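The structure appears below as structure tokens.
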Amino acid sequence: MRLFVDTADLEEIKTAVGWGVISGVTTNPTLIARAGRDHETQVKRICELVGDVSAETVTEKRDDLIVEGRRIAAWHKNVIVKVACTPDGLAAGKVLAGEGIRINVTLVFTVNQALLAAAVGAYFVSPFVGRFDDIGEDGTAVVRDIVSAYRQQGITTKVLAASLRHPVHVTQAALAGADIGTMPFKVLESLYKHPLTDLGIERFMADYRKTQEPQAIKR
Ligand code: E4P
């Protein structure tokens, strides 16, 4: 499973890229607003740091979405245009995909919505795990079912598990067969952490230091 970071914060993205573990970024209007910059400027900056950057459309009607999607796609070759899973979003997505623009169908909560996304030629489909869990449903099960349906149908749209809120979600998304998992920076950072790793380093360092003491060197 490829790992993406779900943020528009340049410092977080630079750090995550420096760790060598992420190969993409997802953004949405909430994350862009949090970064405090205009959409175009921020997405272009992110695209200079990493490939596969999802940028969301904010219009609602098919024709407006087509114009907006083309404009966003022209910002940078790394951009993937996000459209919501609505009749207008999908109709616009089909036109954009037909023009060779990569689209990410977002706000997906069912296998049927994922089938619609595939039908219009989506490059990514984004089931929102955490938001589904929030209403008492099983977000991970939806990812697993979408992966299974796509495999059975020979669909090549990539499953991007989104709205991953904690490390267990990341493990579950991988076990469910997601192609990509996107998560906030804090969750990415938490993937490294284990008390036994810290304890192991502490002990190895202490033992190493002992070998550096003069009396430890036997001649
Ligand atoms: C992904 O594309 C979305 O931006 C994101 O994963 C949503 O996460 P949230 O439900 O925690 O806001």
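Just so it is clear, none of the values below were taken in a lab; they were calculated from the coordinates. The structure displayed is predicted, hence computed values, not measured ones. When we count neighbours, we look across all protein chains shown, and the Cβ atoms used for this are built from the backbone with ideal geometry, even at glycine.
Can you report the number of residues in the stretch 92-102 which are assigned to a helix (DSSP H, G or I) and either touching a helix residue (DSSP H, G or I) at 6+ places or on another chain (Cβ under 9 Å) or surrounded by fewer than 17 Cβ atoms within 10 Å (Cβ to Cβ) (or both)?
Counting residues in the stretch 92-102 that are assigned to a helix (DSSP H, G or I) and either touching a helix residue (DSSP H, G or I) at 6+ places or on another chain (Cβ under 9 Å) or surrounded by fewer than 17 Cβ atoms within 10 Å (Cβ to Cβ) (or both) gives 6.
Sort through Ile180, Ile135, Ile146 and tell me the only one that's within 16 Å of the ligand (Cβ to nearest atom), more than 28 Å from Glu12 (Cα to Cα), surrounded by 19 or more Cβ atoms within 10 Å (Cβ to Cβ) and of a type outside the set (D, E, K, R).
Answer to the check: Ile146.
Of the conditions (1) more than 24 Å from Val81 (Cα to Cα); (2) out of contact with any Lys or Arg (no Cβ under 9 Å at 6 or more places or on another chain), Val142 clears all except one; give me its number.
Status for Val142: all satisfied but (1).
May I ask you to list the residues in the stretch 42-91 that are surrounded by 15 or more Cβ atoms within 10 Å (Cβ to Cβ), away from the ligand (no atom under 14 Å from the Cβ) and outside any helix (DSSP H, G or I)?
Leu49, Val50, Thr59, Trp75, His76, Asn78, Thr86 - these are the residues of the stretch 42-91 that are surrounded by 15 or more Cβ atoms within 10 Å (Cβ to Cβ), away from the ligand (no atom under 14 Å from the Cβ) and outside any helix (DSSP H, G or I).
For the structure I just gave you, tell me whether Leu175 is without any contact (Cβ under 8 Å) to a residue 60 or more places away in the chain, away from the ligand (no atom under 16 Å from the Cβ) and within 26 Å of Ile66 (Cα to Cα).
Judged against the criteria, Leu175 is not a match.
Considering only residues that are more than 10 Å from the ligand (Cβ to nearest atom) and part of a loop (DSSP other than H, G, I, E, B), which ones fall in the stretch 155-171?
Ile155, Thr156, Thr157, His166
Please go through the stretch 109-132 and give me each residue that is of a type in the set (Ser, Thr, Tyr) and within 13 Å of the ligand (Cβ to nearest atom), ordered by number.
Of everything in the stretch 109-132, just one residue is of a type in the set (Ser, Thr, Tyr) and within 13 Å of the ligand (Cβ to nearest atom), namely Ser126.
Taking the options Thr106, Thr110, name whichever one is surrounded by 18 or more Cβ atoms within 10 Å (Cβ to Cβ) and among the hydroxyl-bearing types (Ser, Thr, Tyr).
Thr106
Can you confirm whether the stretch 33-40 contains a residue that is touching a strand residue (DSSP E or B) at 6+ places or on another chain (Cβ under 9 Å) and hydrophobic (A, V, I, L, M, F, W, C)?
No: the stretch 33-40 contains no residue that is touching a strand residue (DSSP E or B) at 6+ places or on another chain (Cβ under 9 Å) and hydrophobic (A, V, I, L, M, F, W, C).
Filter the stretch 6-31 down to the residues that are near the ligand (Cβ under 10 Å from one of its atoms) and in contact (Cβ under 8 Å) with a residue 12 or more places away in the chain and list them by number.
Asp6, Thr7, Ala8, Val25, Thr26, Thr27, Asn28, Pro29, Leu31 - these are the residues of the stretch 6-31 that are near the ligand (Cβ under 10 Å from one of its atoms) and in contact (Cβ under 8 Å) with a residue 12 or more places away in the chain.
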